[in-house]
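Taking it in order: structure first as structure tokens, then the write-up.
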Amino acid sequence: MYAPAAMPHTISREAQRRRTFAIISHPDAGKTTLTEHLLLLGGAIHEAGRVKARGEARRARSDWMKIEQERGISVTSAVMTFEYEGAVFNLLDTPGHEDFSEDTYRTLTAADSAVMVIDAAKGIESQTRKLFEVCRLRDIPIMTFVNKLDREARDAFELLDEISDQLQLDVAPMAWPAGHGLNFKGVYDLYTDDFAPFGDSPAPMPADVRDKLEEDVELARAGLARFDAGAYREGHLSPVFFGSALKNFAVRDLLAALARHAPSPRPQAARDREVKPSEHEVSGFVFKVQANMDPNHRDRVAFVRLASGRFRRNMKLVQSGTGKVIGVHNPILFFAKERETVDEAWPGDIIGIPNHGVLRVGDTLSESGEIVFTGIPNFAPEILRRVRLGDPMKQKHLARALASLAEEGVTQVFKPAIGSYWIVGVVGPLQLDVLKSRLRDEYGLDAELEASPYDAARWISAPRDDLEKFTEGNRGGMAADRDGAPVFLAKSAWELGYVAEKFPRVKFAKTRERSDVHGEK
Ligand code: G4P
């Protein structure tokens, strides 16, 4: 039993102050730079360059992050908390590389809104589109920041048309840019008619730039949507800001708009009902687990997005499915400067819970143990490889290492019914490099990831008789995932089609909801 700890109106009030959001972008569009300036405005850091410096210090401590350094990409995601004008922001950093879309997807399940950063010279790029689609699946409202106006840029109308056409989204420019590159003079607010000049000592606007601005503003007002907070929150309309993250221009406007219009934590879908943030009972779900942040300690941090109630340090929460009671004694909140132990947290906040592998992605934690959040899927891997060990005596060690990396979501593992080897599955090829180097550096295992006969993995379910028949007839393709759930490994799309036709009562699923893993009690 749990005692009500805070009046619901306090919980509501605190929840309403929260803005939990993610930044999505194609690599190089300026996500890190924008993050930095948002943190500066929020007082979380005091000079630009800190985010990167911190990243490098972290990398130096962990070998697998060498990959990040070598390839110049960011593959881990972090959470950062800061305040601005009375609002508490939890900024989720999503990995930009396409190979990590699985991780990114999970991170986005913890966000209530997103900011899409677009390079003004490039427009919508492949990764922007993919991430946008993930947001759309969940109707996450999006604000757009068209970045790098201080460089040569494409025409603003052309960019807005592209966003609107390619993403099927209404766009409402909040301010209009005057010029770009060396001729970038500032932005004209379409709602207040104020002009915000760009640069420290702005020169007068050349006549041609001013004429074009006047013409553009007239056309934009006549032809483009006006901002509508309701349409934005429903995910149909995106307000657009033009600016320069590097020069800290228009970043404040974006942040102020987030504080004012971005949604506070929304109710979360659970198995039998929706859980409202204002409810007394504390609940949350694990959307990410990060292990071996320090190679000397095999500790893991589970990132939990709080969904309801007032969380207090030392409280006991029950893990869905297993019924395990977990005393949360050292919850961490993530600030840009450092991580701090927190005494209390509210819906929308992300807390880190250090643990030894008990908590997994998709788990629900709640006081009663009766809530099971849904909606964090496992993805069907697109690349399946067979693991061959340099030293065959280390099989047990390998099994443990794979289980732990699978828990973290680095890979998926399958144990074929026949044979004594493991199959690993990943969504993109870069994940294979990460897996190999982590096996080597963190577990001392030299492993080759060689071609396997399999082409696709599907989670199967069927009435018991059908399942038995299917298993009997297809032993060569049967395997178990890390939780023992039956998976069919098909050698080709053709084979998959063939068995699906032959066994119409068997369902072949590409994903598996993680909350199903522990099963109903
Ligand atoms: P990402 O996280 O989306 O991958 O992008 P990041 O912020 O790292 O920015 C990518 C590059 O674009 C960086 O340059 C950054 O300085 C630059 N950039 C970001 N915003 C702006 C902007 O508003 N204007 C201009 N002109 N450049 C911008 P880099 O040379 O790759 O890195 P660095 O040497 O500056 O660290």
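Every residue in region 447-474 that is under 18 Å from L405 (Cβ atoms) and in contact with a helix residue (DSSP H, G or I) (Cβ under 6 Å, 6 or more places away or on another chain), please.
Across region 447-474, the qualifying residues are A447, L449.
Would you check which residues across region 144-160 are away from the ligand (no atom under 16 Å from the Cβ) and under 18 Å from A231 (Cα atoms) and list them?
L160
Please list, ordered by residue number, the strands (runs of 3 or more DSSP E) wholly in region 422-492 having 3 or more residues that are buried (at least 16 other Cβ atoms within 10 Å of the Cβ).
423-426, 456-461, 486-490
Applying the selection to region 107-126, what residues are of a type outside the set (S, T, N, Q), within 16 Å of the ligand (Cβ to nearest atom) and buried (at least 21 other Cβ atoms within 10 Å of the Cβ)?
Here is the first cut: in region 107-126, the residues of a type outside the set (S, T, N, Q) are 108, 110-112, 114-125.
Filter once more, keeping what is within 16 Å of the ligand (Cβ to nearest atom): 114-125.
Result: A114, V115, M116, V117, I118, D119, A120.
List the helices (runs of 4 or more DSSP H) inside region 1-95, counting only whole elements, that have at least 1 residues being modelled with pLDDT of 60 or more, within 16 Å of the ligand (Cβ to nearest atom) and not assigned by TED's automatic domain parsing to the domain that holds V286.
Counting at least 1 such residues, we get 31-41.
Show the residue pairs meeting these rules: Cβ distance below 7 Å; 6+ apart or different chains; first residue within region 237-252 and farther than 16 Å from D119 by Cβ; second residue within 7 Å of the ligand (Cβ to nearest atom) and part of a loop (DSSP other than H, G, I, E, B).
From residues that are farther than 16 Å from D119 by Cβ, there are no pairs.
The rows are residues; the columns are (1) within 16 Å of the ligand (Cβ to nearest atom); (2) more than 30 Å from G369 (Cα to Cα).
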position	(1), (2)
P239	no, yes
A245	yes, yes
A256	no, yes
A262	no, yes
P267	no, no
P277	no, no
H280	no, no
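If I go through region 468-502 residue by residue, how many of them are under 32 Å from the mean Cα position of the chain (by Cα) and at negative phi? Spell out the reasoning first.
In the first step, residues of region 468-502 are kept if they are under 32 Å from the mean Cα position of the chain (by Cα); the result is 478-493, 496.
Adding the requirement that they be at negative phi leaves 478-483, 485-493, 496.
Counting residues in region 468-502 that are under 32 Å from the mean Cα position of the chain (by Cα) and at negative phi gives 16.
Can you tell me which residue among E344, E340, E382 is acidic (D, E), at pLDDT 90 or above and touching a strand residue (DSSP E or B) at 6+ places or on another chain (Cβ under 9 Å)?
E344
What do you reckon, is E215 modelled with pLDDT of 95 or more, among the acidic types (D, E), surrounded by fewer than 20 Cβ atoms within 10 Å (Cβ to Cβ) and within 33 Å of the chain's Cα centre (by Cα)? Step through it out loud before you land on a result.
Working: modelled with pLDDT of 95 or more: yes; among the acidic types (D, E): yes; surrounded by fewer than 20 Cβ atoms within 10 Å (Cβ to Cβ): yes; within 33 Å of the chain's Cα centre (by Cα): no.
Taking the combined requirement at face value, the residue does not satisfy it.
If you take the residues in region 148-199 that are of a type in the set (V, I, T) and outside any helix (DSSP H, G or I), which one is farthest from the chain's Cα centre (by Cα)?
Out of the qualifying residues, it is T192.
Go through I460, I423, I418 for me and flag whichever is in contact (Cβ under 8 Å) with a residue 40 or more places away in the chain, more than 29 Å from V301 (Cα to Cα) and touching a Pro at 6+ places or on another chain (Cβ under 7 Å).
Values: I423 fails: more than 29 Å from V301 (Cα to Cα); I418 fails: touching a Pro at 6+ places or on another chain (Cβ under 7 Å).
Criteria check complete, one pass: I460.
The values are calculated or read from the model by the stated rules, or taken from the named source; none is laboratory data. Keep in mind it's a predicted model, so treat the numbers as computed, not measured. Note: ideal-geometry Cβ built from the backbone for every residue, glycine included; neighbour counts use all protein chains shown.
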